[in-house]
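I have placed the structure first, in the form of structure tokens, so that the comments after it can refer back to it.
Nothing in this text is a laboratory measurement; each read-out follows from the coordinates by a stated rule. For clarity, every value in this text was computed on a predicted model and none was experimentally measured. Reconstructed Cβ throughout: ideal geometry from the backbone, glycine too, with neighbour counts over all protein chains shown.
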Amino acid sequence: MKKFIVIGVLAAGLTSGANVRAGTGYAMRCGVEPAAEPASGQAVRGCGYRVRVTFGGGMFFSQITAYCSRCQGFVYLSWTPDRGLPEGMPRREATPPPTPLGQVWDPVTGRTLTLYACPRCDGPSVEIKRLEDLVHCPACGAPGFEVDPTAPVIAID
Ligand SMILES: [Zn+2]
Ligand SMILES: [Zn+2]
């Protein structure tokens, strides 16, 4: 499935000759398994958090994926880049990419994170560049946030 989509993206880039990237939507889930609490021995339910997260834009738009702590959800900052599209494609007015609020250094990972104003609440939201960077569940904070292997991966054009 994944392989097929990657091939599809490459083919689209080759045939159009334009700088076109397709986005991909993943069904994510908290990987915390239901387990017995060590102290009481009582069963603890997994977090159960599920959400669809998209990375990348489409043929007509570019998109940044971010997470807003205040909204407690994934948010998307989209814009229309000025790029060459194949002949006959409808054209849209180009819009500028969003300006970051700033950058912060994360002492835990040693990486620099970019913050953008959340399109919903205007609060700071942190950019998530790649699927691989989504390690912890946003709902419970536990490691093991993962792609649901039973759900389809959706390509966005
Ligand atoms: Zn927000
Ligand atoms: Zn969780």
### Query
For SER40 and ARG70, FRET efficiency with R0 = 41 Å and r from the beta-carbon atoms, rounded to 0.05?
0.75
### Residue (of PRO97, LEU113, PRO86) at the positive-pole extreme of region 67-131, dipole from beta-carbon charges
LEU113
### Message
List residues of region 105-148, by number, whose backbone nitrogen lies under 15 Å from a label position 7 Å along Cα→C-beta of THR99.
### Response
115-118
### Query
Once fully extended, how much extra length lies between ASP82 and LEU131, figured as 0.36 nm per residue of separation less the alpha-carbon to alpha-carbon distance?
15.1 nm
### Task
Could you please report the charge total around THR80, scoring K, R as +1 and D, E as -1 over all other residues with beta-carbon less than 10 angstrom from its beta-carbon?
+1
### Query
What nm value, rounded to one decimal, do you get for the distance between ARG52 and ARG120 when each label is placed 7 Å out toward the C-beta?
1.6
